[in-house]
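Contents: one structure, followed by commentary.
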Amino acid sequence: MQKIKLTIHHLYQESADGKQDARATARIYAGDRLILTETMAGQAQHYPRYLSAADDNGEPLRVEWESDGCASMSVTRAEVCPCCGGDEWH
């Protein structure tokens, strides 16, 4: 089963007290077509999210995001186990 793997490399806000929770909205495109919008909040470092995209047309993926803090993300297609739907097959 194929899913879209959104990896949040980091998500946080800087403050005088250190890192705080942040909010971000990721927009995932296949070619020029928007296929997913995902909103997240909190802090993350190298956190993968597996998403279903019925409109995935097989074109190259890219992600754009807006955040009220510091964020970095990437997106790929991943084969996942059909039983649990979340673990990558190796």
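The values are calculated or read from the model by the stated rules, or taken from the named source; none is laboratory data. Quick caveat: nothing in here was measured; it's all calculated off a predicted structure. Every residue, glycine among them, receives a Cβ derived from its backbone with ideal geometry; neighbour counts consider all protein chains shown. Surface areas here come from the heavy atoms of the whole protein model, side chains and all, with no ligands, DNA or RNA. Shrake-Rupley method; radii C 1.70, N 1.55, O 1.52, S 1.80 Å.
Points to keep in mind about this one:
- Pairs with Cβ under 6 Å, 6+ apart, first in the stretch 56-73 and farther than 19 Å from Q13 by Cβ and touching a residue at least 12 places away in the same chain (Cβ under 8 Å), second surrounded by fewer than 17 Cβ atoms within 10 Å (Cβ to Cβ) and basic (K, R): E64/R27
- Test: residue in the stretch 14-22 that is in contact with a strand residue (DSSP E or B) (Cβ under 9 Å, 6 or more places away or on another chain) and closer than 16 Å to S74 by Cα: no
- Residues of the stretch 1-28 that turn out to be of a type outside the set (D, E, K, R), without any contact (Cβ under 8 Å) to a residue 12 or more places away in the chain and not in a strand (DSSP E or B), as a count: 1
- Failed item, numbered, when T7 is tested on (1) closer than 14 Å to V63 by Cβ; (2) open to solvent by less than 20 Å² (accessible area, probe 1.4 Å); (3) within 15 Å of the chain's Cα centre (by Cα): (2)
Okay, residues lined up against (1) outside any strand (DSSP E or B); (2) at pLDDT below 95; (3) open to solvent by 40 Å² or more (accessible area, probe 1.4 Å):
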| site | (1), (2), (3) |
| --- | --- |
| Y47 | no, yes, yes |
| N57 | yes, yes, yes |
| M73 | no, no, no |
| E79 | no, yes, yes |
| P82 | yes, yes, yes |
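- Condition met for S52 (of a type in the set (S, T, Y) and open to solvent by less than 60 Å² (accessible area, probe 1.4 Å)): no
- Some residue of the stretch 29-41 being outside any strand (DSSP E or B) and of a type outside the set (F, W, Y): yes
- Selection of the stretch 11-45 for residues being open to solvent by 20 Å² or more (accessible area, probe 1.4 Å) and in contact with a Ser or Thr (Cβ under 6 Å, 6 or more places away or on another chain) yields T25, R27, T39.
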